[in-house]
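Remarks on the structure that follows.
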Amino acid sequence: MDLTPYRFTATQRYLFFTGKGGVGKTSIACTTAIALADSGKRVLIVSTDPASNLDDVFEMTLTEEPKSINGIQGLFASNLDPEQAAAAYKEKVLGPYKGLLPESAIASIEEQLSGACTVEIAAFDEFTKLLTDSELVSSYDHILFDTAPTGHTLRLLQLPMAWTNFLEENTHGASCLGPLAGLGEKKENYEKAVRVLSDPKETQLVLVSRPDKGALQEAERASKELRELEITNQQLVVNGVFGRHSNDVYAKAYEKRQNQTLKEIPSALQMASISMLPLVPYHLTGVESLRKFARQDVTIDHEKKVVDFPHLESIQAVIETLSQQKRGLILTMGKGGVGKTTVASLIAIGLAEKGHRVHLGTTDPAEHLSMTIGSEHVPNQLIVSRIDPVKETESYRDEVIWQVGSTLDEEGIKLLKEDLSSPCTEEIAVFRAFARVADEAEDHFVVLDTAPTGHTLLLLNAAQSYHKEVARTTGEVPESVRRLLPRLQNPEETQVLIVTLAETTPVLEAIRLQNDLKRAGIQPSWWIFNQVWGATGTKDPILEAKAYSEADWITKVSSEYVEKCALIPWQIHKPVGYSNILNLLHNK
């Protein structure tokens with residue numbers, strides 16, 4: 001597929017940038033803002049991303065109040081903190097109950113309001129102020145938003161029953177609708193904001209991706225969700241398209257793999273305008289670097305330096321350490337696209353090759369595990385299975401509706417079904433199946449790809465609220481669920497491996513994940529950096545430059561956040577299929 005270069009310009013007043021973590025939303029949004037300001041426009045760029053690096057990009061400290069950017073006439077930026085807004089909102093909800101309800105009940109409500117949905121609603125509340133404040137809007141030709149609201153958030157805001165007393169009266173344990181309680185006075189502003197978002201003359205949605213299958217699938221999902229809400233003015237930007245500058249063997253393999261991915265862009269995305277941006281060999285911080293990026297200049301001007309990690313372990317060393325335990329639960333955790341499934345497969349096959357009985361399981365809805373292992377024969381001591389999150393969630397949703405549906409009217413049922421379509425509901429449903437499989441770790445290894453998040457674990461444990469969140473339909477808590485959290489908190493029974501890429505957003509998200517786990521009493525045992533260019537020995541100038549930036553993050557994490565770190569080099573042959581995984585383990 002021929003992709004045209006992305007043009008850093010726009011005719012709409014509002015531009016929203018969305019996409020999977022680490023794809024370059026902030027860099028593209030900031031560069032677009034600079035280009036528009038350089039063309040004589042008055043521009044405001046706003047971030048509501050908790051992991052925003054807007055400050056780093058512009059090399060200045062930003063606040064909620066718009067600040068002018070040094071060296072660029074007409075450009076202003078602000079950094080809204082949705083987590084701070086969510087904390088303020090949570091305090092507003094909890095305030096009337098403090099001193100009246102037991103501390104355990106307050107703790108349970110507080111944890112229920114600590115999830116991603118509360119932050120999403122708080123972020124949209126901040127968006128709304130900018131979309132509906134006529135005085136502020138008239139001050140700018142363009143307002144750019146780094147990180148757009150999700151389809152789930154927008155659907156919640158459009159449900160009429162979300163603005164009634166239903167939320168205060170329901171007892172079914174809503175996992176996502178709680179954040180909307182008490183926001184009725186803002187209904188008119190929210191409706192206006194949604195109208196602006198769906199007006200193609202006012203708003204352009206920029207879907208940012210990488211030339212990576214997982215990132216493109218995420219963009220496809222977001223595109224479909226937003227189209228269903230009549231937000232149709234969409235543009236796809238594929239960022240980080242590699243242009244080979246050498247005959248280096250790794251560069252050739254990377255180019256070939258990427259080109260194949262671009263040929264398979266999902267059909268739903270091909271309906272949108274598609275353009276590309278190159279993989280550049282420099283950090284996208286500072287105004288001049290961003291102006292260089294706007295010109296799509298890939299000139300290499302860095303100094304060469306040594307990239308070496310003698311203090312880090314290999315994946316083989318991780319497997320050897322785990323093997324000494326003879327049995328137990330092993331979890332690979334991390335954000336999508338970092339290679340959790342690959343790492344889980346490597347560890348499971350490595351342990352099986354050492355003679356251990358191993359159950360390798362996943363909750364991945366995309367069935368990446370079956371694609372990774374392939375159809376080749378596997379040894380008898382390795383069992384591969386999949387928890388189907390769709391079936392588990394449907395079953396769980398049916399149970400809840402059957403249990404409480406008779407007490408609700410038609411609008412109440414509609415609201416309940418939307419609540420039960422949220423990511424939080426899927427986590428709870430899958431958790432029960434996850435607990436069943438984890439119980440097998442009593443006498444052999446169980447390696448699970450895609451584990452519950454720290455928030456889920458805290459939600460389930462808050463004020464001993466298993467009954468409310470896990471067994472709210474039956475009144476009974478499965479014994480496997482009762483045993484799971486203590487098992488996860490015991491390092492003699494469970495090893496948690498955080499998988500990440502050595503890039504800004506994946507590392508920052510991994511740090512937040514580790515903090516969440518620690519709040520739940522779980523201490524990760526390893527960090528594993530996947531697809532590390534610095535461990536390949538590549539001599540391609542652009543890939544060398546990428547290796548230098550990786551080294552900064554690897555050094556920071558290994559010295560400040562974790563005692564045990566391992567890395568896996570980027571592989572010329574994708575570790576897909578049993579024999580290819582064995583080759584990686586045997587360094588072939």
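The values are calculated or read from the model by the stated rules, or taken from the named source; none is laboratory data. Nothing here was measured: the structure is a model prediction, and the numbers come from that model. Ideal geometry is used to build each Cβ from the backbone, glycine not excepted, and the neighbour counts take in all protein chains shown. These area figures cover heavy atoms from the full protein model, side chains too; ligands, DNA and RNA do not enter into them. Shrake-Rupley method; radii C 1.70, N 1.55, O 1.52, S 1.80 Å.
Which of (1) surrounded by fewer than 19 Cβ atoms within 10 Å (Cβ to Cβ); (2) free of Cβ contacts under 8 Å to residues at least 60 places away in the same chain is the odd one out, the single condition V557 does not satisfy? Status for V557: all satisfied but (1).
From the list S559, S549, the one residue that fits, being of a type in the set (S, T, N, Q) and under 20 Å from L497 (Cβ atoms), is S559. Condition check: outside any helix (DSSP H, G or I), in contact with a helix residue (DSSP H, G or I) (Cβ under 8 Å, 6 or more places away or on another chain) and open to solvent by 30 Å² or more (accessible area, probe 1.4 Å). Does L277 satisfy that? Criteria not met by L277. Restricting the search to region 478-504, which residues are under 15 Å from the mean Cα position of the chain (by Cα), among the β-branched types (V, I, T) and modelled with pLDDT under 90? Within region 478-504, T504 is the sole residue that qualifies.
Every test in (1) modelled with pLDDT under 90; (2) crowded, with 19+ Cβ neighbours inside 10 Å; (3) among the polar types (S, T, N, Q) is passed by Q204 save one, and that test is (1). Of the candidates V507, V562, the single residue that is crowded, with 17+ Cβ neighbours inside 10 Å, among the β-branched types (V, I, T) and not in a helix (DSSP H, G or I) is V562. Residues of region 505-516 being more than 11 Å from the chain's Cα centre (by Cα) and at pLDDT 85 or above, which ones? Selection gives V507, I511, Q514, N515. Residue pairs whose Cβ atoms lie under 8 Å apart, separated by 6 or more positions or on different chains, with the first residue in region 195-210 and among the acidic types (D, E) and the second open to solvent by less than 30 Å² (accessible area, probe 1.4 Å), are E202/Q12; E202/Y14; E202/V196. If you take the residues of region 1-18 that are closer than 21 Å to E220 by Cα and of a type in the set (S, T, N, Q), which of them is most open to solvent (accessible area, probe 1.4 Å)? Applying the filter and picking the extreme gives T4.
Please go through region 316-330 and pick out each residue that is free of Cβ contacts under 8 Å to residues at least 12 places away in the same chain and in contact with a helix residue (DSSP H, G or I) (Cβ under 9 Å, 6 or more places away or on another chain). Result: E320, single match. Take the conditions (1) at pLDDT 90 or above; (2) farther than 20 Å from G22 by Cα; (3) touching a strand residue (DSSP E or B) at 6+ places or on another chain (Cβ under 7 Å); V237 misses just one of them, which is (2).
Of the set (1) hydrophobic (A, V, I, L, M, F, W, C); (2) more than 23 Å from N515 (Cβ to Cβ); (3) modelled with pLDDT under 80; (4) open to solvent by less than 10 Å² (accessible area, probe 1.4 Å), all apply to F431 but (2). Residue under question is T261, and the condition is that it be part of a loop (DSSP other than H, G, I, E, B) and either free of Cβ contacts under 8 Å to residues at least 40 places away in the same chain or more than 21 Å from L54 (Cα to Cα) (or both); does it hold? No. From the set of residues in region 19-58 that are closer than 17 Å to R291 by Cβ and of a type in the set (V, I, T), which is surrounded by the most Cβ atoms within 10 Å (Cβ to Cβ)? Looking at residues that are closer than 17 Å to R291 by Cβ and of a type in the set (V, I, T), I get I45. Filtered by the rule that a residue be assigned to a loop (DSSP other than H, G, I, E, B), in contact with a helix residue (DSSP H, G or I) (Cβ under 9 Å, 6 or more places away or on another chain) and either among the acidic types (D, E) or closer than 20 Å to V208 by Cα (or both), region 32-76 gives T48, D49, P50, A51, S52, N53, E59, E64. Of the residues making up region 5-31, those that are at pLDDT below 90, of a type in the set (K, R) and outside any helix (DSSP H, G or I) number 1. The lone criterion from (1) part of a loop (DSSP other than H, G, I, E, B); (2) at positive phi left unmet by G240 is number (1).
Residues considered: A294, A268. Of these, the only one that is out of contact with any strand residue (DSSP E or B) (no Cβ under 8 Å at 6 or more places or on another chain), open to solvent by less than 40 Å² (accessible area, probe 1.4 Å) and either more than 20 Å from T9 (Cα to Cα) or modelled with pLDDT under 90 (or both) is A268.
For region 132-147, a residue qualifies if it is open to solvent by 10 Å² or more (accessible area, probe 1.4 Å) and either in contact with a Phe, Trp or Tyr (Cβ under 8 Å, 6 or more places away or on another chain) or at pLDDT below 70 (or both), and the qualifying residues are Y140, T147. Of everything listed in (1) among the β-branched types (V, I, T); (2) touching a residue at least 12 places away in the same chain (Cβ under 8 Å); (3) open to solvent by 30 Å² or more (accessible area, probe 1.4 Å), the single unmet condition for T61 is (2).
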